[in-house]
Amino acid sequence: MSKYRIAWMPGDGIGNDVMEASRIVLDAMKFDAEYVHCDIGWEFWCKEGNALPDRTIKALEGTTCGLFGAITSKPQDDARLELAPELKDKKLVYFSPIVKLRQMFNLHTNMRPCKSYPGNPLNYRGTRLSNPSAEDVLVDQVIFRENTEGMYGGIEFHPVPQSVYDALCLNPKMKPWKDKGLENVALSTRIVSIQGCTSICRQAFEYAKATGRKRVTLVEKPNVLRETGGMMTRVFRKMAEEYKQFGIWADEANIDAICMWMFKNPQDYQVLVAENMFGDIVSDLCAGLVGGLGFAPSANMGDTYAVFEPTHGSAPKYAGQYKVNPIAMLLTVKMMFDWLGAGHGGGGAKEKDMATRLESAIARVIKEGKVRTYDMGGKNTTLEVAQEIAKYAG
Ligand code: NAI
Ligand code: MG
């Protein structure tokens, strides 16, 4: 029997291409796992009216953790149009299966490292222009994104139920919308909790402490989002006091301002912590600084279960062409090894070593620059890049 059972969720589009690539590396490294294929994604919405079938949730429950490629997601109206004819009048509501997974399994922490590897021609260009040897100017940031609450909590209404509308209209600030009429109003909420804020801030500070990073930056907008942003800021400030003794500097930035600062001085930031939507936004920005979505891995982690996925989506225009960069997915596999190496699922030193070996192999292939996908200016396929990395990692 294999040591691990891994839920295998390629999903849609290039999710399939990059998952196939990851298997080349996993097999070369002799990762001791059984892979449990799970249905998820657009195909199952269209055919069954459910992008996350119950059988998938059941299958996940018997696994150590999950590896996920990407899914295609579309706005509600477009989603209904693509349903099978017999499902069209059933008033089905589309939801993103990965967002649902994060909530169902309470995967409260989304960790997104963005690191520039020397030799990557796509590393931060502004820095390179001012410093021609700037491949060594390391951008090395880790974003901790709250993964179950906030703007992506899924509490949304259209039409807004009368009782909710009436309650909102008790607030005089509702007047402009009241005048527009109930039927013309849509509502998405941003609900946060002390528990959610505390958990994500704790993860960020603990990570900084464990890895010797000296700066933790809160990304919020408490001057406008006074209650939700205010709660997060209060929790962050209180916790910052605890970590002063470890020489960790805690500072705060508004989401809009940090988009500018990050672009100007990316190497100054180390650990960032944010609510769900702000974390989503800032992590794509950080990915852009280190080469784009082809280099951005992520981990959705709860207390005992985790799902690992590259930050990118299904990139439909490249689906099935084996053109896209598998490195984001392979760095995602590295994060899975890290998680197992930290003791989850009975893992330990062996998996820690596999994480180090895989990252070194990725760094080496980037630096050598002989085998590259289109985004790095090369002509190699997704699978060729994976084979090259497997050669050094295996
Ligand atoms: P996307 O991430 O799929 O692609 C945007 C562009 O980034 C691509 O056209 C390509 O130029 C580049 N790119 C992405 N991955 C790459 C890789 N591995 N190598 C090289 N270049 C890469 O985002 P987009 O186009 O906004 O969304 C496409 C679909 O994916 C949508 O249906 C969206 O809802 C979904 N999506 C799903 C996510 C998930 O599964 N977690 C996350 C983001 C989007
Ligand atoms: Mg995103």
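The values are calculated or read from the model by the stated rules, or taken from the named source; none is laboratory data. Since this is a predicted model, take the numbers as computed values, not measurements. Cβ placement follows ideal geometry from the backbone for every residue including glycine, while neighbour counts extend to all protein chains displayed. Only protein heavy atoms, including side chains, enter the accessible area calculation; ligands, DNA and RNA are left aside. Shrake-Rupley method; radii C 1.70, N 1.55, O 1.52, S 1.80 Å.
Can you pull out every residue in the stretch 295-323 that is under 26 Å from GLY369 (Cβ atoms), open to solvent by 10 Å² or more (accessible area, probe 1.4 Å) and either more than 15 Å from ligand 2 (Cβ to nearest atom) or under 14 Å from the mean Cα position of the chain (by Cα) (or both)?
Applying the first criterion (under 26 Å from GLY369 (Cβ atoms)) to the stretch 295-323 yields 295-298, 310-312, 315, 317-318, 321-323.
In the following step, the residues that additionally are open to solvent by 10 Å² or more (accessible area, probe 1.4 Å) were identified as 311-312, 315, 317-318, 321-323.
Listed by number, the residues that qualify are THR311, HIS312, LYS317, TYR318, GLN321, TYR322, LYS323.
Among (1) open to solvent by less than 60 Å² (accessible area, probe 1.4 Å); (2) hydrophobic (A, V, I, L, M, F, W, C); (3) at pLDDT below 95; (4) more than 15 Å from ligand 1 (Cβ to nearest atom), where does ILE98 come up short?
Status for ILE98: all satisfied but (4).
Based on this model, can you work out whether ASN16 counts as touching a Ser or Thr at 6+ places or on another chain (Cβ under 7 Å) and either open to solvent by 40 Å² or more (accessible area, probe 1.4 Å) or closer than 24 Å to ALA287 by Cβ (or both)? I'd like the intermediate steps shown before the answer.
Working: touching a Ser or Thr at 6+ places or on another chain (Cβ under 7 Å): no; either open to solvent by 40 Å² or more (accessible area, probe 1.4 Å) or closer than 24 Å to ALA287 by Cβ (or both): yes.
It is false that ASN16 is touching a Ser or Thr at 6+ places or on another chain (Cβ under 7 Å) and either open to solvent by 40 Å² or more (accessible area, probe 1.4 Å) or closer than 24 Å to ALA287 by Cβ (or both).
Return yes when ALA386 is farther than 30 Å from SER199 by Cβ, touching a residue at least 24 places away in the same chain (Cβ under 8 Å), buried (at least 20 other Cβ atoms within 10 Å of the Cβ) and in the same structural domain as THR64 (by TED's automatic domain parsing) and no when it is not.
Working: farther than 30 Å from SER199 by Cβ: yes; touching a residue at least 24 places away in the same chain (Cβ under 8 Å): yes; buried (at least 20 other Cβ atoms within 10 Å of the Cβ): yes; in the same structural domain as THR64 (by TED's automatic domain parsing): yes.
When the stated conditions are applied, ALA386 passes them.
What number of residues within the stretch 24-43 satisfy the criterion of being open to solvent by 20 Å² or more (accessible area, probe 1.4 Å), within 16 Å of ligand 1 (Cβ to nearest atom) and outside any loop (DSSP other than H, G, I, E, B)?
Of the residues in that region, 3 qualify.
Any idea which of THR72, THR64 is within 16 Å of ligand 2 (Cβ to nearest atom) and within 29 Å of GLY294 (Cα to Cα)?
Numbers: THR64 fails: within 16 Å of ligand 2 (Cβ to nearest atom).
Answer to the selection: THR72.
Please enumerate the residues belonging to the stretch 336-347 that are surrounded by fewer than 24 Cβ atoms within 10 Å (Cβ to Cβ) and either basic (Lys, Arg) or out of contact with any Ser or Thr (no Cβ under 7 Å at 6 or more places or on another chain) (or both).
Restricting attention to the stretch 336-347, the residues satisfying the condition of being surrounded by fewer than 24 Cβ atoms within 10 Å (Cβ to Cβ) are 338-339, 341-347.
Of everything in the stretch 336-347, those that are surrounded by fewer than 24 Cβ atoms within 10 Å (Cβ to Cβ) and either basic (Lys, Arg) or out of contact with any Ser or Thr (no Cβ under 7 Å at 6 or more places or on another chain) (or both) turn out to be ASP338, TRP339, GLY341, ALA342, GLY343, HIS344, GLY346, GLY347.
Pairs please, first residue from the stretch 341-352 and of a type in the set (Lys, Arg), second anywhere and assigned to a helix (DSSP H, G or I) and open to solvent by less than 50 Å² (accessible area, probe 1.4 Å), Cβ atoms under 9 Å, 6+ apart in sequence or on different chains.
Note: pairs meeting the criteria are LYS350/LEU340; LYS350/GLY341; LYS352/PHE337; LYS352/LEU340; LYS352/GLY341.
Hey, could you check the stretch 242-284 for residues that are open to solvent by 70 Å² or more (accessible area, probe 1.4 Å) and of a type in the set (Phe, Trp, Tyr) and say which is farthest from ligand 1 (Cβ to nearest atom)?
Among residues in the stretch 242-284 that are open to solvent by 70 Å² or more (accessible area, probe 1.4 Å) and of a type in the set (Phe, Trp, Tyr), the one farthest from ligand 1 (Cβ to nearest atom) is PHE246.
Is one or more of the residues making up the stretch 309-326 β-branched (Val, Ile, Thr) and in contact (Cβ under 8 Å) with a residue 24 or more places away in the chain?
Taking the stretch 309-326 as the starting set, the residues that turn out to be β-branched (Val, Ile, Thr) are 311, 324.
Imposing the further condition that a residue be in contact (Cβ under 8 Å) with a residue 24 or more places away in the chain reduces the set to 311, 324.
Yes, there is a match, as at least one residue in the stretch 309-326 is β-branched (Val, Ile, Thr) and in contact (Cβ under 8 Å) with a residue 24 or more places away in the chain.
Looking for something surrounded by fewer than 18 Cβ atoms within 10 Å (Cβ to Cβ), without any contact (Cβ under 8 Å) to a residue 24 or more places away in the chain and not in a helix (DSSP H, G or I) - is there at least one such residue anywhere in the stretch 364-373?
As a first pass, look at the stretch 364-373 and keep what is surrounded by fewer than 18 Cβ atoms within 10 Å (Cβ to Cβ): 364, 367-370.
Next, only the ones that are without any contact (Cβ under 8 Å) to a residue 24 or more places away in the chain stay: 370.
Pick out the ones that are also not in a helix (DSSP H, G or I) and you get 370.
Yes, the stretch 364-373 contains a residue that is surrounded by fewer than 18 Cβ atoms within 10 Å (Cβ to Cβ), without any contact (Cβ under 8 Å) to a residue 24 or more places away in the chain and not in a helix (DSSP H, G or I).
Can you tell me how many residues within the stretch 376-392 are among the small types (Gly, Ala, Ser) and touching a Lys or Arg at 6+ places or on another chain (Cβ under 7 Å)? Spell out the reasoning first.
Restricting attention to the stretch 376-392, the residues satisfying the condition of being among the small types (Gly, Ala, Ser) are 377-378, 386, 390.
Checking the rest, the ones that are also touching a Lys or Arg at 6+ places or on another chain (Cβ under 7 Å) come to 378.
Adding up the residues that qualify gives 1.
Filter the stretch 332-350 down to the residues that are more than 11 Å from ligand 1 (Cβ to nearest atom), within 23 Å of HIS108 (Cα to Cα) and part of a helix (DSSP H, G or I) and list them by number.
Matches in the stretch 332-350: VAL333, LYS334, MET335, MET336, PHE337, ASP338, TRP339, LEU340, GLY341, HIS344, GLY345, GLY346.
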